[in-house]
Ligand SMILES: C[S@@+](CC[C@H](N)C(=O)[O-])C[C@H]1O[C@@H](n2cnc3c(N)ncnc32)[C@H](O)[C@@H]1O
């Protein structure tokens, strides 16, 4: 059978690793920031960065082909397009591409995708020798970068998440794995009668405390540094799992759900915010969850199956944003 040249070209472009790696190395070397303004010549830059000048020039020439840098009389310079990759650009790209951040390191585990496909398990520990969370615990820099990435990723969407659901039905809510507290702070700020309690690992919990204090919410927001595999603060009206379950395989997801189900008041709710496979989450993010965490973007029927052994019944599905849905579970009567 013959082939169509356009198809072959398209497939080659899709499969090429040069450009994704060039972007990552450029960001890791700090080129978008360093080449802003007057830019620099290859020779001085190579000395400064302690890299091989010829190879650096090849890298810069490839960046030039898709408009990240341009050659000027003062050497290579970052373009307005390339400036999106700066550390302070605020769009999350730098954290995603820098090889020494949690996000960038996680993405590079895709090199071992075949391991995940063969075994159904995360590729991250296969590549780095320990799982993602152990890696963060051992490397405070990775933890800082991950927390920053998590806080920034939904910053702009938080108002819609707060407005898209009637949080005021609950007098008390526990944000399980609540990160640095951005969402809980916004919910509490919008509903002055509500009280919140955030549970997360030590370093992140300390940041959450700062978030609540900075917004004058300290009186209504408690923070517990601890694991969601241990008993949770008991007796609240709602337990929120925002982008938690998709990070875990079924065995761990069951353990987290059982902690929520045992802690919630009998008439309370467990709330899950995620992309939901086939609704708001596509195959790319499903693969990311698999490769990095051994998790997955579960579909609605998989959520029903996962939660049933904990007596949790899916009551409503609310489409919050173009990326996230909220699933509301109640405890089955009796
Ligand atoms: C994907 S982030 C989501 C954070 C936050 N819910 C949000 O959506 O921005 C997962 C969170 O789970 C926390 N986490 C991971 N393992 C944990 C554990 N064993 N106990 C409590 N929190 C944990 C992480 O520190 C992180 O804040």
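The values are calculated or read from the model by the stated rules, or taken from the named source; none is laboratory data. For clarity, every value in this text was computed on a predicted model and none was experimentally measured. All Cβ positions, even for glycine, are placed from backbone atoms using ideal geometry, and neighbour counts span all protein chains on display.
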Which ones in region 156-172 are loosely packed, with under 14 Cβ neighbours inside 10 Å and either outside any helix (DSSP H, G or I) or within 10 Å of the ligand (Cβ to nearest atom) (or both)?
166, 171
Verdict on residue 134 being in contact with a helix residue (DSSP H, G or I) (Cβ under 9 Å, 6 or more places away or on another chain), modelled with pLDDT of 95 or more, exposed (fewer than 14 other Cβ atoms within 10 Å of the Cβ) and not assigned by TED's automatic domain parsing to the domain that holds residue 247:
yes
Within region 184-206, the count of residues that are near the ligand (Cβ under 8 Å from one of its atoms) and touching a strand residue (DSSP E or B) at 6+ places or on another chain (Cβ under 6 Å) comes to 1
Among the residues of region 208-244, which ones are over 14 Å from residue 174 (Cα atoms), near the ligand (Cβ under 10 Å from one of its atoms) and either at pLDDT below 95 or touching a helix residue (DSSP H, G or I) at 6+ places or on another chain (Cβ under 6 Å) (or both)?
229
Subset of region 125-137 [in a helix (DSSP H, G or I) and within 14 Å of the ligand (Cβ to nearest atom)]
132, 133, 134, 135, 136, 137
Of the criteria (1) under 24 Å from residue 252 (Cα atoms); (2) within 12 Å of the ligand (Cβ to nearest atom); (3) buried (at least 20 other Cβ atoms within 10 Å of the Cβ), which one residue 149 fails:
(3)
By residue number, the members of region 137-174 that are touching a helix residue (DSSP H, G or I) at 6+ places or on another chain (Cβ under 6 Å) and closer than 22 Å to residue 93 by Cβ are 142, 143, 145, 146, 147, 149, 151, 158
Looking at the structure I just gave you, is residue 70 away from the ligand (no atom under 13 Å from the Cβ), without any contact (Cβ under 8 Å) to a residue 24 or more places away in the chain and either assigned by TED's automatic domain parsing to the domain that holds residue 40 or not in a loop (DSSP other than H, G, I, E, B) (or both)?
yes
Conditions: (1) under 17 Å from residue 99 (Cα atoms); (2) touching a residue at least 12 places away in the same chain (Cβ under 8 Å); (3) part of a helix (DSSP H, G or I). Residue 51 meets all but one. Number of the miss?
(3)
